[in-house]
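Derivation of every value follows stated rules applied to the coordinates shown; laboratory data play no part. Everything numeric in this text was worked out from a predicted model, so none of it was measured. Here the Cβ is made from the backbone with ideal geometry for all residues, glycine too, and neighbour counts use every protein chain on show.
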């Protein structure tokens, strides 16, 4: 086992009955990494997570963890923790008993158990809630109990299913900080599943973007955000103006447009609304929609190239609906896409 | 007060009188001092209530009814809990058909169930009367067991079982550690409902009675055909209060009405 592949998925294929959910997936994860599986619903991210946990049988391929092939190992022997989206706390047990559940199954008793559970509760700031039932806690507190319950087991990998999606904005930031702290303190390898690109960008060391059961792109948050390699990823992270290239020319509804030889090797080009220059340039458009977003103003333009989304600083004078505008799509700012889907 | 505003309260009182009236008459009759079952009661005494406990056949049939109610309901739960679990947790082909079949004893009139059991099971297979009664009561209670336990299971998230497994429990262990404790109220409610249903059951038991083997309600009918004294009323009152007591305690400690 090299350090780069503490957890590795090799040609992993997963299916529900005859419908394949994940096909031939390869992924290597380093020890102590914080990985996000990002994608829209139905992309196979949750399926992949369940297979790592052992809750879903693998159709073909292998899962290796810490040097051992765990493909066929039962879920209760894997030392893989999972924090469920719904938290899945045991409603009939107190907070203390919830956290003690797995330790007791390991045969831990007496003061050793007591100490371990208390320190687990303390690490998530819930020492004083030990005797409460889950129903008496807020959502954020329940989630921290779920985190403590998984972490006291000292899992080799902790999986998190949409860890921030059920929380409001303030708690979200709190939980994000909490997860990063736990990860730093324990060095546990974490994989979380999310459909929210902001969540993935903020939390992960590396992001795995998935689509239709395949990996679309793997990279650092900066890579994913600034250098998407496919039209799907570009669209997913907010590049809303995407065009395919043909022989170095941009293919639009107005025909092929020469971008004077820039980025000729790419299969497509993508611009964020903010990268579109308004008021100057070779193209003509009409304002069809406009919306104010605090520090910025967004425009939807009807153009010969198709609809274009542009965004300018709110301090700029506004353009009225129906106004004609010139604009430019600067090729040097565009993200070159190697795959156009 | 106009006639219109009186209409609803009066209707309500009549309905209540209709529902509870016969019961009150029976209760009053059981305290009668007279020799025959009559209303209004002649005088007041506890002699008929005392007599109930001295009738030999009542004691035997009470024992039988108790055995059937407890044993039949327990058996129905042993079958019904796993069945409910399977119906609620897995997408089984034909699950709806199974649900319907399991509910059949509620829908089909007891007379038919009893006759069918007698004609096609008891007689051809020479099944003993006690065993036949036990099977019949198990089948009668099963729909209630499945329905009430299923309702509890449907309200319980299934991911807690996966959470238990990932914390080191086996699948079966997860069922006993996290599913059973959370549906305990439903199971207790199903038991009480099953017990009362079985205990008060007449039509099926009517067909499945033999020499010395009778359930209490059937025995009471047989007794009444021969002796027309108030002891049957006294026994009815005692049984009614027993049922009311059980349901009251269940409601008090389990919130029975949540499950039924």
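Brief remarks on what is shown
- Whole-angstrom gap from the stretch B:183-206 to the stretch B:11-38, using each part's C-alpha centre: 26
- Applying 1/(1 + (r/R0)^6) with R0 = 30 Å to the Cβ-Cβ distance of residue A:235 and residue B:91 gives a FRET efficiency near 0.30.
- Per-pair calculated FRET efficiency, R0 = 45 Å: residue A:19 and residue B:51 via Cβ, rounded to 0.05: 0.05
- Shape class of the stretch A:240-337 from the Cα gyration tensor (axes a ≥ b ≥ c, square roots of the eigenvalues): prolate, since a/c reaches 1.5 or more and a/b is larger than b/c.
- Residue-averaged beta-carbon neighbours from other chains (10 angstrom radius) around A:83-94: 5
- Cα-based Rg of the protein assembly as shown normalised by 2.2 N^0.38 Å, two decimals: 1.43
- Both the radius of gyration and Dmax for chain B are 22.4, 71 Å, in that order, over alpha-carbon atoms.
- Panel order for B:39, A:101, by other beta carbons found within 10 Å of each beta carbon, from fewest to most: B:39, A:101.
- Compared with the dominant Cα axis of chain A, that is its longest principal axis, helix A:110-123 is turned about 20°.
- With the convex hull drawn around the C-alpha atoms of the stretch B:181-243, the volume per residue stands at 98 Å³.
- 0 to 90° range, to nearest 10: angle between helix A:169-186 axis and chain A longest Cα axis: 60
- Gain on full stretching of the segment that runs from residue B:67 to residue B:155 - 0.36 nm per residue minus C-alpha separation: 28.5 nm
- Ordering A:246, A:216 by the number of other Cβ atoms within 10 Å of each residue's own Cβ, fewest first, gives A:246, A:216.
- Per-residue ellipticity at 222 nm from helix content only, as computed over chain A with -39500 (n - 2.57) for each DSSP H run of at least four residues, stands at -7500 deg cm²/dmol.
- Values of log10 I(q)/I(0), in the order q = 0.10, 0.11, 0.15 Å⁻¹, for the stretch A:3-233 under a Debye, Cα-only, solvent-free model: -0.46, -0.55, -1.02
- Theoretical FRET efficiency, 1/(1+(r/R0)^6), r = Cβ-Cβ of residue A:68 and residue B:60, R0 56 Å, to 0.05: 0.25
- Residue B:3 paired with residue B:116, simple spin-label distance in nm, labels 7 Å along Cα-to-beta-carbon: 5.1
- Straightening the chain between residue A:131 and residue A:180 buys 14.9 nm, computed as 0.36 nm per residue apart minus the Cα-Cα spacing.
- With Cα atoms, 0 to 90° folded angle of helix A:95-105 axis to chain A main axis: 70
- The stretch A:294-341 and the stretch A:91-149 have Cα centres separated by 52 Å.
- Separation of the stretch B:124-145 from the stretch B:162-177 is 35 Å, based on Cα centroids.
- Taking the number of Cβ atoms within 10 Å of each Cβ as an exposure proxy, the fewest-first ranking of A:6, A:87 is A:6, A:87.
- Peptide A:239-246 shows a mean partner chain C-beta count of 0 within 10 Å per residue C-beta.
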